[in-house]
Amino acid sequence: MRIENNIPSFIDFWGVGEDKTLADLEAYLNQNEALYSKYFPIHCPRTEERLKEALNKYNEKLDDIHSISDSLPAILQEMTAVYQKKYDLDVEMSYKLLVGTFGSNAFVTRDNKREIYFAVEKLSAEQDHLKVIASHEIGHVTHFSIASRQGMDWSTVDWMHGLTTLFTEGAATYLSKQTVPGLSEPIYFTYDDEGEPWVKCYEENKSAVKRRFLDDATTGEWDMAKEKEWFRLSGGSYFGRNRIGYLLGTDYVEHLVDRLGEEAALTFWNGNDLKEDVINWLKE
């Protein structure tokens, strides 16, 4: 396991000298170009407007950033050990901790399914919240690892389709519930204490959510506008809450677990028509 904590370098940058300017932030990002190359632009747009907004937000998050720098490495070690014991996770994990510009909060990199980035300015500093988001991301790696052990042909996976994202995000959320059990349900979706309206929105509109996702999934191509609507922080125009696809996906995976058992559910995309199964479930 490798944990690369780059937060102290940002703290040093932010704490030295006068108030930082846009040019200062640009210079810091350029000096750390290799680190941020997988963050920009896929997980956050690098625009002047975005950077200016970040400059105005950092001070209010600075105490949390300090706290997370101290606590997150140990949490990552703890949660990795939980997955190793419970799900036989046997891959060499790589974690990179950075301070971003208020885009994505965490992600598994596209070219290395064992590498996870955490943009800590977007995270709650509460220990349980950090455990859940760490578990969610490690859950992705574990989900992929279990499938690989069963001989998954990854060339068959349509990574860019929302039906696939629904399954993978649902699986990661399901796994976070198994490895950090007993918390309030909304924490598993928003990684903070503000998630009750998201869960309530989904439960009150579940039938409509399923119909709308079914329509998006089966009408035309799955494009970035649909991806953002259902799975990104920038979405939420349909039902007033972003990332509703995470709740829908978790509902589907829990349905699969009830129907098939845990291992068969998590490996269902190996040798089965996952898209057809999700579509049939959405129609129920």
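Tabulated data
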item: Unmet requirement for Lys200, which otherwise passes all of (1) modelled with pLDDT of 95 or more; (2) under 30 Å from Met79 (Cβ atoms); (3) surrounded by 14 or more Cβ atoms within 10 Å (Cβ to Cβ); (4) over 14 Å from the mean Cα position of the chain (by Cα); result: (3)
item: Looking only at segment 233-266, and only at residues there that are part of a loop (DSSP other than H, G, I, E, B) and crowded, with 19+ Cβ neighbours inside 10 Å, the one that is farthest from the chain's Cα centre (by Cα); result: Arg241
item: Subset tally (residues that are more than 27 Å from the chain's Cα centre (by Cα), outside any loop (DSSP other than H, G, I, E, B) and more than 20 Å from Ile68 (Cβ to Cβ)) for segment 11-56; result: 4
item: Residues being open to solvent by less than 30 Å² (accessible area, probe 1.4 Å) and in contact (Cβ under 8 Å) with a residue 40 or more places away in the chain - total across segment 269-279; result: 3
item: Sole exception among (1) under 27 Å from Glu276 (Cα atoms); (2) of a type in the set (S, T, N, Q); (3) at pLDDT 95 or above for Thr179, by number; result: (1)
item: Subset of segment 108-144 [part of a strand (DSSP E or B), open to solvent by less than 10 Å² (accessible area, probe 1.4 Å) and hydrophobic (A, V, I, L, M, F, W, C)]; result: Ile116, Phe118, Ala119
item: Tally, over segment 174-196, of residues that are surrounded by 15 or more Cβ atoms within 10 Å (Cβ to Cβ) and out of contact with any His (no Cβ under 6 Å at 6 or more places or on another chain); result: 12
item: Residues satisfying the stated conditions in segment 1-49, i.e. charged (D, E, K, R), open to solvent by less than 70 Å² (accessible area, probe 1.4 Å) and either free of Cβ contacts under 8 Å to residues at least 40 places away in the same chain or over 30 Å from Val141 (Cα atoms) (or both); result: Lys20, Asp24, Glu26
item: Test: residue in segment 172-186 that is farther than 30 Å from Lys85 by Cα, touching a Ser or Thr at 6+ places or on another chain (Cβ under 6 Å) and not aliphatic (A, V, I, L, M); result: no
item: Breaking point among (1) part of a helix (DSSP H, G or I); (2) open to solvent by 20 Å² or more (accessible area, probe 1.4 Å); (3) of a type in the set (A, V, I, L, M), for Val91; result: (1)
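The values are calculated or read from the model by the stated rules, or taken from the named source; none is laboratory data. Note that the coordinates shown come from a computational prediction; the quantities given were computed from them, not determined experimentally. A quick note on method: Cβ atoms are made from the backbone with ideal geometry, for glycine too, and the neighbour counts reach across all protein chains shown. Heads up: the accessible areas ignore ligands, DNA and RNA and are worked out on the full protein's heavy atoms, side chains in. Shrake-Rupley method; radii C 1.70, N 1.55, O 1.52, S 1.80 Å.
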